[in-house]
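Heads up, the thing below is written out as structure tokens.
Read the figures in this text as sums done on the coordinates, not as results from a lab. All figures in this text were calculated on a predicted structure; none of them were measured in a lab. Here the Cβ positions follow ideal geometry from the backbone for every residue, glycine too, while neighbour counts run over all protein chains shown.
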Amino acid sequence: MVVDMDSLVTADWLASALHEPDLIVLDCTVYLTMGNDGYVSDSGRSNFATGHIPGAGFADLIADLVDTTSPHSFVVPSPEHFAAAMERLGVTDQTRVVLYDDNNSMWAARVWLMLRWIGFDNAAMLDGGLKVWQRLGHALEPGELGPRSAAPGALTVTLRPALIADKEEMLASIDDNAVCLIDALPPAVFRGDVAPYARPGHLPGAINVAATAMIDRDTALFKPASEIRAMLPDRPEARTVVY
């Protein structure tokens, strides 16, 4: 029997739960730096080997959890590819998963959404990620770990295709008043003041709700749900697409 948990868990909760055999912890870190032609993405694997939450595995969003045949970065793989990769990390229908990263939870959130996309709901993000874990004095473990053994079984794919929008839907959304487009990039990128991608600016009609604005700068924790809700448009009838 799998025990349900909240979608956001604290570092103290996780420290107390690490011994539970059905709990899989995954580091999802990717580091972004600005190069001559825009963002350069680097896997967090080397830092993971230096020190990670004890017992954690590494969810590689550069080499494993993406479509490596695509000429574009971070294209989602097929559901079957993603599920097989998560199975190799110990995730099955009988496990719970806690995801974290070292970059404002943006990469943990990506894997969290992809798990929901294939129908797996018993996953949570670590509030504050690795920064808060270390700040509270919880231990780190060095070394590169192999797949963790977990409860026997497989990870069933029950796809929710509506959770991920493709290029065609995004193009159609531009002139569709029933769709609310949210650009989650920093304001300077949204405005086109800086251009880390091929072209500056944003999709026509999109509004800007920066993902980083949802994080308290002083604590590195998510802001209260009421504050985050107030940042978002009040359009419960609309299909909301975030990019």
* Structure fact -> Going from the fewest other Cβ atoms within 10 Å to the most, one would list ARG199, ARG116 as ARG199, ARG116
* Across bins of 10 angstrom width beginning at 0, how are the C-alpha pair distances of the chain distributed, in whole percent? -> 7, 29, 37, 22, 5, 0
* Structure fact -> Rounded to two decimals, the Debye log10 I(q)/I(0) of segment 142-243 (Cα scatterers, no solvent) at q = 0.12, 0.15, 0.18, 0.20 Å⁻¹ is -0.63, -0.85, -0.99, -1.08
* Structure fact -> Ranked from fewest to most other Cβ atoms within 10 Å of their own Cβ, THR92, THR69, THR219 fall in the order THR69, THR219, THR92
* Asked: If each of LEU140 and HIS72 carries a label point 7 Å out from its Cα toward its Cβ, how far apart are those two points in nm?
  -> 3.5
* Structure fact -> What helix-only [θ] at 222 nm does the chain give? Using -39500 (n - 2.57) per DSSP H run of at least 4, over all residues, to the nearest 500, the answer is -6500 deg cm²/dmol
* Please give the length that would be gained between VAL242 and SER41 if that part of the chain were fully extended, namely 0.36 nm times their separation in residues minus their C-alpha to C-alpha distance (nm, one decimal). => 70.3 nm
* Structure fact -> A student applying the Cα gyration tensor rule (rounded when a/c is under 1.5; otherwise prolate if a/b is larger than b/c, oblate if not) would label segment 1-142 oblate
* Of all DSSP beta bridges in segment 8-160, what percent run antiparallel (nearest 5)? -> 35
